[in-house]
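Just below is one structure, and these are the notes that go with it.
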Amino acid sequence: MPAHLDLIIEAVIFFTIMGVTWVFGREIERVVAQRRRLGTQGGTASTAAAPLLQERGNDSRFFQWVRTSTSISEPVEQDRLRSELLLAGFESPSAPVWYVITRFLLAIGLPLLFLLSRIILAKTLGGSSFIFGIAAFCGIGFLAPSFFIRQRARARRLDLEIEFPDALDLMVVCVEAGLGMDAAFIRVGDEIQESHPRIAREFGRLAEELRAGRSRTEALRAMAERCNVAGIRSFVALAIQTDALGASIAQTLRTYSNEMRHTRLMKAEERAMRIPVLMTIPLVACILPVIVGALMLPAVIDVMRYLTPALTAHH
């Protein structure tokens, strides 16, 4: 019983630390998003001041030391890490530095917490179990941030795939009503901000880049790189080609919206057709053994009742 109690206490300590870290991260994300919204809504002065404040915070000596002393000192590694964080929704220039710091703190902090729990519980600090625990917690702390980034990027990509068709339908309505392409992005982003926050944030950033003087082609390609969704990439390529050829953007959006709606229907039918195949797994693993057992049990009982005594008496 004491061994199970020690294991439960260690698990509670570990999950408590993870929960506090998650809540703290969510709070930081909320504050950053709130400041970003206040900066974009405050007009030209606040929009211009936000990057200056952000760059000023990134010029600290500690951040510079982390950049030059860790793996992100190489430009290739820094660009790769920045692209992964961007796909996960972390757009701050200091996100790679915070990622490295978090990884280091978890890789060092979790083994220290494990060691502290062993000391508090007055357990031995040697043996194979202690070494395995230290190595396991160090590995968890080292791999947890990358796993979290991958899961967040996958979830964000799925959300964008779900939200984009609805936003595209609203864009078709806006363009057919007489709005231009740039005004349609702003209007749709404002309308779907509550129901589809991720695609609304991408449309808002696209509108900000267009207002800042960036060409529509470059802004659309940047949005496609940030989202990394096949539907958005196809839409960007179609919009750039339509703009270059001078064709009707309204008819193009209408046609692409119909094709995307048809594609969603085909994906739903594909998932529905997979259900009978997936149902065979619990059928064979759970239901079939019960049926076989119910059919064979009377015969087994008769054999044990009549044949076994006869064989015993014969011998």
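Has region 115-137 got at least one residue that is among the small types (Gly, Ala, Ser) and within 24 Å of residue 204 (Cα to Cα)? Within region 115-137 (the criterion being among the small types (Gly, Ala, Ser) and within 24 Å of residue 204 (Cα to Cα)), the answer is no, since none of the residues qualifies. For region 66-98, a tally of residues being more than 29 Å from residue 232 (Cα to Cα), buried (at least 17 other Cβ atoms within 10 Å of the Cβ) and among the hydroxyl-bearing types (Ser, Thr, Tyr) returns 1. Of the helices (runs of 4 or more DSSP H) that lie entirely inside region 60-169, those containing 2 or more residues that are under 21 Å from residue 28 (Cβ atoms) and of a type in the set (Phe, Trp, Tyr) span 61-69, 95-120.
Scanning region 175-228 for residues that are part of a loop (DSSP other than H, G, I, E, B) and among the acidic types (Asp, Glu) yields one hit, 194.
Results for (1) closer than 30 Å to residue 187 by Cα; (2) modelled with pLDDT of 85 or more, shown as yes or no for each residue.
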position: 92; (1), (2): yes, no
position: 120; (1), (2): no, no
position: 140; (1), (2): no, yes
position: 145; (1), (2): no, yes
position: 158; (1), (2): yes, yes
position: 171; (1), (2): yes, yes
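Taking the conditions exactly as written (touching a residue at least 60 places away in the same chain (Cβ under 8 Å), of a type in the set (S, T, N, Q) and surrounded by 10 or more Cβ atoms within 10 Å (Cβ to Cβ)), does residue 248 satisfy them or not? So residue 248 fails the test. For first residues located in region 224-236 and not assigned by TED's automatic domain parsing to the domain that holds residue 168, partners that are aliphatic (A, V, I, L, M) and surrounded by fewer than 20 Cβ atoms within 10 Å (Cβ to Cβ) and lie 6+ apart or on another chain with Cβ distances below 7 Å do not occur.
Tell me yes or no: at least one residue of region 41-51 is modelled with pLDDT under 65 and of a type in the set (Val, Ile, Thr). Yes, region 41-51 contains at least one residue that is modelled with pLDDT under 65 and of a type in the set (Val, Ile, Thr). Scanning region 264-287 turns up at least one residue that is touching a residue at least 40 places away in the same chain (Cβ under 8 Å) and surrounded by 10 or more Cβ atoms within 10 Å (Cβ to Cβ). Looking only at residues that are in contact (Cβ under 8 Å) with a residue 60 or more places away in the chain and surrounded by 16 or more Cβ atoms within 10 Å (Cβ to Cβ) in region 170-187, which one is nearest to residue 88 (Cα to Cα)? Applying the filter and picking the extreme gives 171.
The values are calculated or read from the model by the stated rules, or taken from the named source; none is laboratory data. In this text, all values refer to a predicted model and were calculated from it rather than measured experimentally. For neighbour counting, all protein chains shown are included, and Cβ atoms are generated from backbone atoms with ideal geometry for every residue, glycine included.
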